[in-house]
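Right, one structure below, let's go through it.
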Amino acid sequence: MAGFKKDVGGISCLLECNGVEQAIMTSIYEYLCMDQQYILNLWSKVQKVVAMDSWNEARAILAVMIRALHLHIEAEEEILFPVCEENRKWVADPVFSMCFEHRQIGYLLKQLKIFADADEHAEFVDLADSLTKLLDLHNAREAMEIYPVLDRMPGIKRNRFLREIREKVGLSA
């Protein structure tokens, strides 16, 4: 089983890939789904340490998760979504709704950070459930509606976008 490691802000996470080494080098879908999984793994760690009332650790991991998610969203909105907009025959409405959901995710993360900074366990846990549901829905929609379409672009263009995404997001073997 192959693994890929991502390191953001000093926190590493090993992702098991079941042999997608080649796919991750050529597929926007595989690469960004792997990054989504890294972010979800961080989010899971945050929730576990919050459950133990380890607020200093929760704040540290939450900061890394927010940074990783910010980079992921930037890569989508600055690199991928403009291509979708240029090629409306491929993807029309999903880009608008994805950007709207990005704003919702950003709002929830700001509120969660406020609750974490104040050690507000009950409020954090209540809002955490909303973020988890939104991330799950959002990630599934991107994986079904956006990434596969972009992978069908001619190879040279797709490879350029994949290289730009790698530079922005930073997942490494």
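Worth pointing out:
- Residue ID - surrounded by the most Cβ atoms within 10 Å (Cβ to Cβ), chosen from residues in the stretch 96-113 that are over 15 Å from the mean Cα position of the chain (by Cα) and within 17 Å of W43 (Cβ to Cβ): L112
- Number of residues in the stretch 124-133 that are of a type outside the set (S, T, Y) and surrounded by 15 or more Cβ atoms within 10 Å (Cβ to Cβ) equals 4.
- Subset of the stretch 1-60 [of a type in the set (G, A, S) and at pLDDT 85 or above]: S44, A51, S54, A58, A60
- Scanning the stretch 144-158 for residues being at pLDDT 80 or above and either buried (at least 17 other Cβ atoms within 10 Å of the Cβ) or assigned to a helix (DSSP H, G or I) (or both) gives a total of 8.
- Considering residues of the stretch 88-118 that are among the acidic types (D, E) and modelled with pLDDT of 95 or more only, the residue farthest from A143 (Cα to Cα): D117
- Being assigned to a helix (DSSP H, G or I) and at pLDDT below 80 is a description that applies to E85.
The values are calculated or read from the model by the stated rules, or taken from the named source; none is laboratory data. Given the structure is predicted, the values throughout are model-derived calculations rather than measurements. Because the Cβ atoms are built from the backbone with ideal geometry, glycine has one as well, and the counts that use them run over all protein chains shown.
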